[in-house]
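Only one structure is covered here, and it is reproduced in the block below.
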Amino acid sequence: MSQGSRRLHRDRDIYASTPLRQLADAQTRAMLPQLQRSAGTCALSLGVRAGEAPPALPLVGFWTQLWLGDDGFHGDVRAAGDEPLPFLDETFDVVLLRHALEVAQAPEALLDEAIRVLAPGGSLVLTGVHPVSGWAPWFYWRARGRQALRLPLRLGYRLQRQGVEIAWVRRVGRVLPSPAASRGRRGAPWGGGYVLMARKPSRLATPFQRVPARAPLPRGRLSPGTRRSSAM
């Protein structure tokens, strides 16, 4: 295999590599206890690998699954990667972005779109490789600098500016990437990945204003055709 072919193979298979698949499993295990409490009609899973199954949520009706490639969104619908998501506002009760911000052409715009399609009271979950970890040099070498890692703290600031509440942020996974199941340390505080869970506040119901009772109108002051109460 030529050097150019090896580089192309390396670029395409980064998210199918054993270390990142193991990290994805750790991220799913970390989010499940909180995410399984979510309820609603539909959820959106937007990832980077075709066929990556979303987590099982017993209280959510069904998943819409997309994955982001070089030429746009694939999966249940097809769309250009540099355009808004092809869904109406506030459609999904759960939105899950798994490493999608790392490959998006405009990550901030994609995050804003995720907020737009999230229903009030819904859950937004972001996962990725932590840029301040032992995984970052390996990731950039495998990605050849084509993907960018983002601090979950900065993502949290952007969410809060748009009125989305941060529920929790957690470091997960090994300290260093390794294909061997028996090597490396697992978990916080120096894990190579992160999970950020946020919630879009529900709309407050407008309370009915208590109006003081009024005295009966004098006879002859009602509009024509108005039915009189039996008390009048």
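All of the numbers you see were taken from the coordinates with simple rules; none came from a lab. No experiment lies behind these values; they were computed from the predicted model shown. Positions of Cβ are backbone-derived with ideal geometry, glycine not excepted, and every protein chain shown enters the neighbour counts.
Of the residues L88, G134, A109, the one whose Cα sits farthest toward the positive end of the charge dipole of the stretch 82-151, with +1 on the Cβ of Lys and Arg and -1 on the Cβ of Asp and Glu, is G134.
Dipole size of the stretch 3-199 about its Cα centre, with +1 on Lys/Arg Cβ and -1 on Asp/Glu Cβ: approximately 1180 debye, rounded to the nearest 20. The Rg/Rh ratio of the stretch 3-199, with both radii computed over alpha carbons and Rh defined as the Kirkwood radius, is 0.95. Bridge orientation summary for the stretch 3-199: considering DSSP beta bridges with both residues in this region, about 55 percent are antiparallel.
The residues V169, V95, V77, V117, when put in order of fewest to most other Cβ atoms within 10 Å, stand as V77, V169, V117, V95. Among E90, E83, E113, a tally of other beta-carbon atoms within 10 Å of each Cβ gives an order, fewest to most, of E83, E90, E113.
In terms of surrounding Cβ atoms within a 10 Å radius of their Cβ, S202, S123, S38, S17 rank from fewest to most as S202, S17, S38, S123. Of the residues L23, Q36, V164, the one whose Cα sits farthest toward the positive end of the charge dipole of the stretch 3-199, with +1 on the Cβ of Lys and Arg and -1 on the Cβ of Asp and Glu, is L23. Spin-label model, S202 to L151: label points 7 Å out along the Cα-to-beta-carbon direction sit 3.4 nm apart.
Computed from label points 7 Å out along Cα-Cβ, the spacing between E108 and D89 is 2.2 nm. The A56 and A136 beta-carbon pair, evaluated with R₀ = 35 Å, returns a calculated FRET efficiency of approximately 0.65.
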